[in-house]
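What follows is a short report on a single structure.
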Amino acid sequence: MYEGKIKNIAILGSTGSIGTQTLDVVRANSDRYSVYAICANRSVDKLVEQAREFKPEVVCIADESLYDSLRDKLSVIGFAGKVWSGSDSIAEVVTMDSIDIVVAAMVGYAGLRPTMEAIKAGKTIALANKETLVVAGELICDLALRHHAPILPVDSEHSAIFQSLVGEERNEIEKILLTASGGPFRTFSLDQMRSVTASEALKHPNWDMGAKITIDSASMMNKGFEVIEAKWLFGVEVDKIQVLVHPQSIVHSAVQFTDGAIKAQLGAPDMKLPIQYALTYPDRLKTDFPRAELTRIGSLTFEEPDLNRFPNLGLAYQATKRGGNIPCVLNAANEVVNLAFREGRCGFLQMSDIIAATMAKAHFIEKPTYEDYVATDLAARQIANSLIR
Ligand code: MG
């Protein structure tokens, strides 16, 4: 029986895939963790359901137009805590004194500001929102150092790298081996990829994720983002980060050290393990999550990614090498084309063309401030939108 202090958690994006799985982990460890705040973008009913079960102090919805409906439905279930709305409120929730851990699981650029505020308040960040580090990695890392806010990765690959680095603090990393499932179009020809639809792209073979990230996985932009994320989290230049296509998704990523040793973390493809590890680090808690039965899996294969068919991966390397505000442009253009593809306004391969063109057109800022990022995000969205025909 656990007898330590109960940790209070705020979950940003509590109704999404990572958010609901975080609540699964909390439910199974309610002697250690308590849900202090839940925040979602627009899912009123799911929020109400979660408030009923977890009885947080604060429930927050980003879309202000849904405030009345949320407040009314919460009062029906006798909810006695605070009900807030708007992005300013979310940025405020994360700084509340009682909160120990902020799980940053919002989708996209919207996660940047609340994550920054949580870091400034010195909270422990369980980071699932990779766009935060893609857009403003340097700024975030500086802030985290200055405010002594630990950032623990939730992304399965980065959790695997993080787990492989435990006990290796004094040792130099020669190379990071970042694995990728390859997504549903791994074996498709360029011709076949030209006509794929959103519903085909949304069928991910291994991982169960939200719609935005599933499209990013199919286009391998997700892996490009993860290269940038790894660069900032582990302080490794991108030339030392090698992407390996590993269709079985059992090796979640690996680290090669300067003596040639490779350490990896393996397991079933299930996000609950990296979520739980981010909450319990450096401890491991017993779980009944699925196990990877290696004899049943039989073989593990690895291949080079094809940058011709998946140009997004190359664009991500390019963006982070140019640096400054260009990764922010990459992210903004990708958010625009990702949505356009899901809505049938943009072809699958066209997504990369528009991102590349937006990167070429955007105004370069070498040392962006937070305000520069906000302006860059807006301008890049306008350019990308204007290029969609
Ligand atoms: Mg991942």
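So, A375, is that one in a helix (DSSP H, G or I) and touching a strand residue (DSSP E or B) at 6+ places or on another chain (Cβ under 7 Å) or not? Spelling it out, it is not the case that A375 is in a helix (DSSP H, G or I) and touching a strand residue (DSSP E or B) at 6+ places or on another chain (Cβ under 7 Å).
Residue-wise test of (1) under 24 Å from A319 (Cα atoms); (2) within 12 Å of the ligand (Cβ to nearest atom).
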position	(1), (2)
P150	no, no
A160	no, yes
N171	no, no
K175	yes, no
G183	yes, yes
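Residues of segment 279-317 that are under 22 Å from the mean Cα position of the chain (by Cα), part of a loop (DSSP other than H, G, I, E, B) and of a type in the set (A, V, I, L, M, F, W, C): F289, F310.
Name every residue in segment 155-200 that is outside any loop (DSSP other than H, G, I, E, B), over 17 Å from the mean Cα position of the chain (by Cα) and closer than 26 Å to P311 by Cα, in order of residue number. Matches in segment 155-200: E174, K175, I176, L177, L190, D191, Q192, M193, R194, A198, S199, E200. Using the structure shown, decide if V103 is within 16 Å of the ligand (Cβ to nearest atom), part of a helix (DSSP H, G or I), in contact (Cβ under 8 Å) with a residue 24 or more places away in the chain and of a type in the set (V, I, T). No; evaluated as a whole, the condition is false for this residue.
Return the residue satisfying two criteria in turn: it lies in segment 134-154 and is closer than 27 Å to K367 by Cα and not in a helix (DSSP H, G or I), and of such residues it is nearest to the chain's Cα centre (by Cα). Step by step, filter segment 134-154, then rank; the result is P153.
Would you confirm whether or not segment 219-227 contains a residue that is more than 25 Å from L112 (Cα to Cα), part of a loop (DSSP other than H, G, I, E, B) and either touching a Ser or Thr at 6+ places or on another chain (Cβ under 6 Å) or at pLDDT 95 or above (or both)? The answer is no; no qualifying residue exists.
Looking at A144, A149, just one residue is aliphatic (A, V, I, L, M) and over 19 Å from I228 (Cβ atoms), and that residue is A149. Counting only residues that are assigned to a helix (DSSP H, G or I) and of a type in the set (K, R), segment 318-368 holds 4 of them.
The values are calculated or read from the model by the stated rules, or taken from the named source; none is laboratory data. Every value quoted in this text rests on a predicted model; they were computed, and no experiment measured them. Glycine also receives a Cβ, built like all others from the backbone with ideal geometry; neighbour counts cover every protein chain displayed.
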